[in-house]
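Computed from the coordinates by the stated procedures, all read-outs in this text should not be read as laboratory data. What you are looking at is a predicted structure, and each value in this text was computed from that prediction instead of being measured. Cβ coordinates were reconstructed from backbone atoms using ideal geometry, including for glycine residues, and neighbour counts include every protein chain displayed.
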């Protein structure tokens, strides 16, 4: 397993987890280290155990000696080196000593309690989220992973990181030319190696859509942030057929769309704003929508969003498209807000605290502005 990963480091995004309490894992880890002396070991297990002991004994007061006794008792009969898990990141050439999954999640989510109840943390760990489009979607994926609102993320994007993406995507210059999906998956793995991540680096297509939505268990939420009008529409039709709710942040005027196809199986997609597609099959729509020129795409977007809901800055941008600018303007502040909104609403959907469909706005310019002076 380790050798296969080493041969495919360029596109790897899944860490290898060794649990040395199992002889096979111990042997494989030792072989890997012996064959690759460039691998750096990072061991902070003592610090993590100290946090775990304090969290599990919140009413205790610890001095250094008492804490040491608790930690030693927790680890026995294993050695400190063999306790927990060693997580190898092939793309970093680093192996990190961590608490094993249950204890790791307990410590990492301990500051969520009681904003998220302990039983709710367990519920969220079982949820599956699919994200289409990693320009806006990267912020959503990382925020969800950070808050740990799900146990599995499926990421779909065919595109690679370009320099102009770096005004809103949290990457480094060393990531230029790399797959957006792979980079996002690596960042999640470095944050939490126990979150399951699957990458669809060819993007979402009609050929792999059922796999994305259903394989390994049906998605509990589809986050749609793609640029393609065809996938924006077809993914919703498929989600509705399977009873999967859809959420979309447009990162303009803080507009958030929620479609509860899990509760409303006959609900018109996009709140019934696309009358022009009624009566077409998915195959007919795929053919028709793939051939749209820029002006036709803008017409569809205006239908979906509503010209009255477009900010003045975005209206100017549409006017200058392919004249003085070549891409849709997106700001890091708006994309970050979208990550927060989608994460918050998705969590409340999963915990049965929000059951509505609709369109909502968190428009900073209307909420925070210069006061009128008489």
Length added when fully stretched, residue 170-residue 280, from 0.36 nm per residue minus Cα-Cα
35.7 nm
Helix 64-75 against the longest principal axis of the chain: what's the angle in degrees, Cα atoms only, rounded to the nearest 10?
80 degrees
As a check on your grasp of the helix formula, calculate [θ] at 222 nm for the chain: sum -39500 (n - 2.57) over DSSP H runs of n ≥ 4, divide by the residue count, round to the nearest 500.
-12500 deg cm²/dmol
Of 179, 357, 311, which is the most mobile in a GNM of the chain whose springs link Cα atoms less than 10 angstrom apart?
311
How many percent of DSSP beta bridges within the chain run antiparallel, rounded to 5?
45 percent
Distance between the stretch 107-172 and the stretch 271-308 - C-alpha centres, whole angstrom
29 Å
Quick check: the angle from helix 137-147's long axis to the longest principal axis of the chain, C-alpha only, nearest 10 degrees?
40 degrees
Counting residues in the stretch 250-374 as N, plug N into 2.2 N^0.38 Å and put the Cα Rg over that result.
1.25
Any chance you could get the radius of gyration and Dmax over the Cα atoms of the stretch 178-251, in Å?
13.0, 35
Which of the three applies to the stretch 88-165, rounded, prolate or oblate, going by the alpha-carbon gyration tensor with a ≥ b ≥ c and a/c under 1.5 meaning rounded?
oblate
In degrees between 0 and 90, to the nearest 10, how far off the longest principal axis of the chain does helix 45-56 point, with axes built from Cα atoms?
80 degrees
In whole angstrom, how far apart do the alpha carbon centroids of the stretch 47-102 and the stretch 214-265 sit?
40 Å
Additional length obtainable on full extension of the chain from residue 325 to residue 42, 0.36 nm per residue less Cα span:
97.3 nm
Among 12, 59, 281, whose mean-square fluctuation peaks in a Gaussian network model of the chain (Cα, cutoff 10 Å)?
59
Does the stretch 257-331 classify as rounded, prolate or oblate by the C-alpha gyration tensor (a ≥ b ≥ c root eigenvalues; a/c under 1.5 gives rounded; else a/b over b/c gives prolate, otherwise oblate)?
oblate
May I ask for the distance between the Cα centers of the stretch 175-198 and the stretch 332-357, given as a whole number of Å?
21 Å
Of the convex hull enclosing the alpha-carbon atoms of the stretch 2-108, the direction-averaged projected area in nm² is 7.5 nm²
Determine the shape class of the stretch 175-326: with a ≥ b ≥ c the square roots of the Cα gyration tensor eigenvalues, call it rounded for a/c under 1.5, and otherwise prolate if a/b is greater than b/c, oblate otherwise.
oblate
Cut-off 10 angstrom, C-alpha nodes, Gaussian network model of the chain. Which of 40, 48, 283 fluctuates the most?
283
To the nearest whole percent, what portion of all C-alpha pairs in the chain is separated by more than 40 angstrom?
23 percent
Most packed first (mean Cβ within 10 Å per residue), the peptides 146-153, 245-252 order as 245-252, 146-153
Bridge type composition, the stretch 215-360 - antiparallel percent by DSSP, nearest 5:
70 percent
Packing-based ranking, highest mean first, of 230-239, 254-263, 117-126 given that Cβ atoms within 10 Å are counted:
230-239, 254-263, 117-126
